[in-house]
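First the structure, in the form of structure tokens, and then the observations on it.
The values are calculated or read from the model by the stated rules, or taken from the named source; none is laboratory data. Keep in mind that this is a model prediction, so the values were computed, not measured. Here Cβ is always computed from backbone atoms with ideal geometry, including for glycine, and neighbour counts include all displayed protein chains. Each accessible area value is taken on the protein alone, full model and side chains, heavy atoms only, with ligands, DNA and RNA left out. Shrake-Rupley method; radii C 1.70, N 1.55, O 1.52, S 1.80 Å.
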Amino acid sequence: MTKTMRKFISVFLSVVMVLALGITVMAADPDPYTITINKASANDKSAHSYEVYQIFDAKVDNDKLYDITWGSGVDGDAALTELKSVTEFSSCTTLKDVLDILEEAEDNSSVVDAFATAVSKHLTSTKKEGAMAATETTANIGVEKTGYYLVKDTITGGANGQEGAVSKFMLDVVKTTTAVTVNTKEVVPELDKKIVTGSTRDVKNQASVGDAITFELTSEVPDLRQSGYNKYCFVMNDTLSSGLTYLGNDAPTVKIGSTTLTENTDFTFEKTTATDGTTTLKIVFKDMLTKAQTLYGQQIVVTYQATLNENADVTDAGNPNTANLIYSNDPSHNYTSDEPGNGDPAGKTPDKETITYTTGVSVIKVDENDQTMRLPGAEFKIEGTSAGQVISKTNEYTLDNTNGTYYKLKTGEYTDVAPNATTEDNYASQTDKYKLVENTELLEATESIIKSAVGTDGELTFNGLGAGTYTITETKAPDGYVLDPTPRTVEITCTFENDKPVWSYKLDSNAAVPNQLQFKVTNKKTSDLPKTGGIGTTIFYVGGAVLVLGGVVLLVLKKRSSEKE
């Protein structure tokens, strides 16, 4: 074996021995005691980080501590000075004095909370750390010695917008005989939202414009008895899309259990409408911490109504209504108001959404002989709307060569495609341009009848129709055409698949495809009818001539008869 090879083997074996020793040391020096932290609230969707500090170093016998000194996780002298400013510990001059008060307090949470808050201001950098992912429910943290430990909880990812809460300080005794299990004390409320139709509660419905829709928000008074909060914020927010109008100006009905709460005494209400038509409702519960001491677990129900308006969306996007709940989520923070302010940590429940759907039908007015030719100027009425209101939508094309982007076709339709050498014969003009103006109007029924006129493109849409039966009848014909007074019956039904609406239509009992219905109504030109002076008058002329000729013959015969006599 060469000298170089012997050196290589020697170095290699040395490295292996060092690694082996490192592994041995790591395996032989685990923390002998474990604190297991269990997440108490299934509603908590936040990731947590935990820091464990030894407050008292002590020997333990059946939960009793002896040979007690300040632990490595706290500055004892500074903590003792801090405790003197706390009412319950104001007379303490030694560690023994502190221990005597804690022993007398037993399960008095206010005294224990005051102790934890005071000492937490003077923690050292000596700590053990652990984490619990958002999807986990348990964390295990190893510690080196027996004694009295404080567990500090923080939420990762920022203070606001969390679907979770911080647990107040957790204190427990680590002893040699039993594994220590600590249950978190976070308070994470829930919020739900439904549309109420009779005895049914659902996240979706179908409606006609003008229908009053009942919305219900539900939650539960949180158990805050040992939560550690000095004040608790509990704020419901509800946003109505532009297609929904809050009904009235009064606050919603708010109940806890069977008791109806009073506005400005038990809660405040604020309604704000933005420039885009959305409306935000805010309900701020007053003094929830006090209420929760006796009413915890009772159901909170908020009820109000809104109507479907002229901005209602008739597509599958529908008209959503979204709610969430903002709440205090850090008991170590000093809250000063019933509503979180800037810098106040707060949690937010996931948005709960309901959607109201509606539909419509379109009438297209065309020439009977050329059904590609659209006819403006006709008027129609619709009857049978469930709410006595309907959204009339028409397109008006006005001549505007400066701002216009549309061209008129000879059929009466409009297109934004410019004519070319191949298509120019299809255009009414190759140079005139038109500007589109969409007219949407909420029409009220008069004796259950609503009238509206078609646009310049010969089309009229009645939107905001829910399930039901409707009759559409022409009441005025286009100029130069004869009225078609035949009522057209439209039957609309709605089912849901995967919470999306499936609309079905029948036109005069004939089933149509399940999407927004369009149908044509034709008119005859007045020139298509028999005219005075036509074949009918010719018959009269011929008949008259025959009669005259017959009369002349009779007169001649009568004269000859007289001469013979």
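Quick check, is residue 306 under 17 Å from residue 244 (Cβ atoms), among the aliphatic types (A, V, I, L, M), at pLDDT 95 or above and open to solvent by 30 Å² or more (accessible area, probe 1.4 Å)? Taking the combined requirement at face value, the residue does not satisfy it.
When each of 231, 194 is tested for being closer than 29 Å to residue 494 by Cβ, touching a Phe, Trp or Tyr at 6+ places or on another chain (Cβ under 8 Å) and not hydrophobic (A, V, I, L, M, F, W, C), the lone residue that passes is 194.
If the condition is being among the aliphatic types (A, V, I, L, M) and within 18 Å of residue 266 (Cβ to Cβ), then segment 292-330 contributes 292, 295, 300, 301, 302, 325, 326. Note on segment 409-457: residues that are assigned to a loop (DSSP other than H, G, I, E, B) and either open to solvent by 80 Å² or more (accessible area, probe 1.4 Å) or more than 20 Å from residue 365 (Cα to Cα) (or both) amount to 17.
For segment 399-445, the tally of residues that are farther than 18 Å from residue 373 by Cα and touching a residue at least 40 places away in the same chain (Cβ under 8 Å) stands at 10. State yes or no: is residue 353 assigned to a strand (DSSP E or B), modelled with pLDDT of 95 or more, within 30 Å of residue 212 (Cβ to Cβ) and open to solvent by 30 Å² or more (accessible area, probe 1.4 Å)? Taking the combined requirement at face value, the residue satisfies it. Within segment 153-206, the set of residues being part of a loop (DSSP other than H, G, I, E, B), under 20 Å from the mean Cα position of the chain (by Cα) and at pLDDT 90 or above comprises 189, 190, 191, 203.
Among 215, 285, which is the only one that is among the aromatic types (Phe, Trp, Tyr), touching a residue at least 40 places away in the same chain (Cβ under 8 Å), more than 22 Å from residue 345 (Cα to Cα) and surrounded by 21 or more Cβ atoms within 10 Å (Cβ to Cβ)? Step by step, each of 215, 285 is checked, and only 215 is among the aromatic types (Phe, Trp, Tyr), touching a residue at least 40 places away in the same chain (Cβ under 8 Å), more than 22 Å from residue 345 (Cα to Cα) and surrounded by 21 or more Cβ atoms within 10 Å (Cβ to Cβ). Cβ-Cβ contacts under 7 Å between residues 6 or more apart (or on different chains), taken from a first residue in segment 40-63 that is of a type in the set (Lys, Arg) to a second residue that is modelled with pLDDT of 85 or more and open to solvent by less than 50 Å² (accessible area, probe 1.4 Å), are listed as 45/134; 45/164; 59/146.
Here residue 46 does not fit the description of being of a type in the set (S, T, N, Q), modelled with pLDDT under 95 and either exposed (fewer than 14 other Cβ atoms within 10 Å of the Cβ) or assigned to a helix (DSSP H, G or I) (or both). Filtering segment 96-108 to residues that are among the acidic types (Asp, Glu) and either buried (at least 19 other Cβ atoms within 10 Å of the Cβ) or part of a helix (DSSP H, G or I) (or both) leaves 97, 100, 103, 104. For segment 160-198, a residue qualifies if it is within 21 Å of residue 102 (Cα to Cα) and of a type in the set (A, V, I, L, M), and the qualifying residues are 170, 171, 173, 174, 180, 182. Scanning for something out of contact with any Gly (no Cβ under 8 Å at 6 or more places or on another chain), open to solvent by 60 Å² or more (accessible area, probe 1.4 Å) and closer than 27 Å to residue 32 by Cα, does segment 109-116 turn up at least one residue? No, that holds for no residue. Inside segment 463-482, residues that are exposed (fewer than 15 other Cβ atoms within 10 Å of the Cβ) and among the aliphatic types (A, V, I, L, M) make up a count of 1.
Whenever a residue of segment 308-326 is at positive phi, its partners that are assigned to a strand (DSSP E or B) and of a type in the set (Ser, Thr, Tyr), lying with C-beta atoms within less than 7 angstrom and at least six residues away or across chains, give the pairs 318/356; 318/357.
Considering every residue within segment 237-249, establish whether at least one is over 30 Å from residue 440 (Cα atoms) and either modelled with pLDDT under 95 or not in a strand (DSSP E or B) (or both). So far as segment 237-249 goes, no, none of its residues is over 30 Å from residue 440 (Cα atoms) and either modelled with pLDDT under 95 or not in a strand (DSSP E or B) (or both). Test residue 381 against the stated conditions and say whether it is open to solvent by 10 Å² or more (accessible area, probe 1.4 Å), within 30 Å of residue 477 (Cβ to Cβ) and basic (Lys, Arg). When the stated conditions are applied, residue 381 passes them.
Whether any residue in segment 85-95 is open to solvent by 80 Å² or more (accessible area, probe 1.4 Å), assigned to a loop (DSSP other than H, G, I, E, B) and touching a residue at least 40 places away in the same chain (Cβ under 8 Å) is what I want to check. No, there is no match, as no residue in segment 85-95 is open to solvent by 80 Å² or more (accessible area, probe 1.4 Å), assigned to a loop (DSSP other than H, G, I, E, B) and touching a residue at least 40 places away in the same chain (Cβ under 8 Å).
Of the set (1) in contact with a Leu (Cβ under 8 Å, 6 or more places away or on another chain); (2) assigned to a strand (DSSP E or B); (3) open to solvent by 20 Å² or more (accessible area, probe 1.4 Å); (4) not small (Gly, Ala, Ser), all apply to residue 231 but (2). Within segment 314-331, being surrounded by 19 or more Cβ atoms within 10 Å (Cβ to Cβ) and out of contact with any Asp or Glu (no Cβ under 9 Å at 6 or more places or on another chain) holds for 314, 318, 327.
Here residue 226 meets each of (1) open to solvent by less than 60 Å² (accessible area, probe 1.4 Å); (2) under 30 Å from residue 168 (Cα atoms) with one exception, condition (1).
When residue 52 is tested against (1) assigned to a helix (DSSP H, G or I); (2) crowded, with 20+ Cβ neighbours inside 10 Å; (3) of a type in the set (A, V, I, L, M, F, W, C), just one condition goes unmet, and that condition is (1). Checked against (1) surrounded by fewer than 17 Cβ atoms within 10 Å (Cβ to Cβ); (2) in a helix (DSSP H, G or I); (3) modelled with pLDDT of 90 or more, residue 129 meets all criteria but (2).
Answer with yes or no whether residue 394 is in a strand (DSSP E or B), at pLDDT 95 or above and touching a strand residue (DSSP E or B) at 6+ places or on another chain (Cβ under 8 Å). The answer is no for residue 394.
Among the residues that make up segment 482-505, is at least one of them farther than 21 Å from residue 372 by Cα, small (Gly, Ala, Ser) and in contact with a strand residue (DSSP E or B) (Cβ under 7 Å, 6 or more places away or on another chain)? Among the residues of segment 482-505, at least one is farther than 21 Å from residue 372 by Cα, small (Gly, Ala, Ser) and in contact with a strand residue (DSSP E or B) (Cβ under 7 Å, 6 or more places away or on another chain), which makes the answer yes.
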